[in-house]
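This report concerns only the one structure given below.
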Amino acid sequence: MVKIAVLASGSGSNALKLFRYFENSRLARVEMIVTNNPKAGVIDRFQGIKTTILVFNPSTDSSQTLEALNSRVDVLLLAGYMRLIPKDWTNIFHNRILNIHPALLPKHGGKGMYGKRVHKAVSESGDVESGITVHMVNERYDEGAIIAQFKVQIEPGEAPGLIEQKVRSLEKEHYAPTAAQWIMGLTSSL
């Protein structure tokens, strides 16, 4: 059984979707929810759910958190985690960290490109499609190897809020099954 930690900084809707997807799985299960934001909605969302919630300060607790993760889980799944993953984390969890990005990388990625900012950039670019990218994590924002992309058609200049709704549908439909396929591919090396 592969043990998962989900890292989230916000409301935790994708984290909960991952938890529910793996809840009765024989492949993997979510063991920990990790957040850098003591006010994150993910904390409230997981109250009463049997999993460990770990709140940490990346500036002061990074090494201790990495130790806890390395001793308790096999893979990390990012679900709206808004911080750069440090190099010591990517070294320890080499090829075992997955992220979801709300655009079709390499476009509209990099530092500061998250949430509504991404959808605004897509709208302003005149793109005729957007989507999600599930990718490996390295020590640079949104530059890890792409595992899968899922696309949706949009109108050039479409309102960012409408783009966000379409992209969220793709996230809810595709992130957990894509993570499961990726984990199946990893099981021989864990």
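What follows draws every value from the coordinates through simple rules; no lab data is involved. Fair warning: this is a prediction, and the values are worked out from it, not measured in the lab. Cβ atoms come from the backbone with ideal geometry, glycine included; neighbour counts cover every protein chain shown.
Counting Lys and Arg as +1 and Asp and Glu as -1 over every other residue whose Cβ lies under 12 Å from the Cβ of residue 11, the net charge comes to +3. For the listed residue pairs 3/120; 87/116; 39/151, the alpha carbons are over 29 angstrom apart in 3/120; 39/151. Rounded to the nearest Hz, the phi-derived 3J(HN,Hα) couplings of region 5-14 under the Karplus curve 6.51 cos²θ - 1.76 cosθ + 1.60 (θ = phi - 60°) are 10, 9, 9, 9, 10, x, 5, x, 5, 5, where x marks glycine and proline. Ordered by the number of other Cβ atoms lying within 10 Å of each residue's own Cβ, fewest first, 186, 18, 162, 7 fall into the sequence 162, 186, 18, 7. Net charge in the neighbourhood of residue 183 (other residues with Cβ under 14 Å of its Cβ; Lys, Arg +1, Asp, Glu -1) is +2. Structure remark: mean-square fluctuation, Gaussian network model of the chain, C-alpha springs under 10 Å; the largest value among 99, 14, 91 belongs to 91. In this entry, region 2-186 is assigned a mean projected area of 9.7 nm², taken as a quarter of its C-alpha convex hull surface. For the chain, a Gaussian network of Cα nodes joined below 10 Å ranks 132, 100, 147 by mean-square fluctuation, and the top entry is 147. DSSP beta bridges fully contained in the chain are about 40 percent antiparallel. For region 129-145 and region 152-171, what is the separation of their C-alpha centers, rounded to whole Å? One Cα centre to the other: 18 Å. For residue 50, a cut-off of 19 angstrom between C-alpha atoms picks up these aspartates and glutamates, skipping any fewer than 8 places away in its own chain: 23, 31, 74.
Under 5 Å from the amide H of residue 34 lie the amide H atoms of 6, 7, 8, 54, each residue being 5 or more positions distant or on a separate chain, with H modelled from the backbone and absent for Pro and chain starts. Using a Gaussian network model of the chain in which every pair of alpha carbons under 10 angstrom is joined by a spring, one finds that among 130, 13, 63 the greatest mean-square fluctuation is at 63. Here residue 111 is the anchor, and the aspartates and glutamates within straight C-alpha reach of less than 20 Å, apart from those fewer than 8 places off in the same chain, are 88, 124, 139, 142, 143, 164.
Assign one of three labels to region 39-139, namely rounded, prolate or oblate, based on the Cα gyration tensor with a ≥ b ≥ c the square roots of its eigenvalues; rounded applies when a/c is under 1.5, prolate when it is not and a/b is larger than b/c, and oblate otherwise. Cα axes put region 39-139 in the prolate bin.
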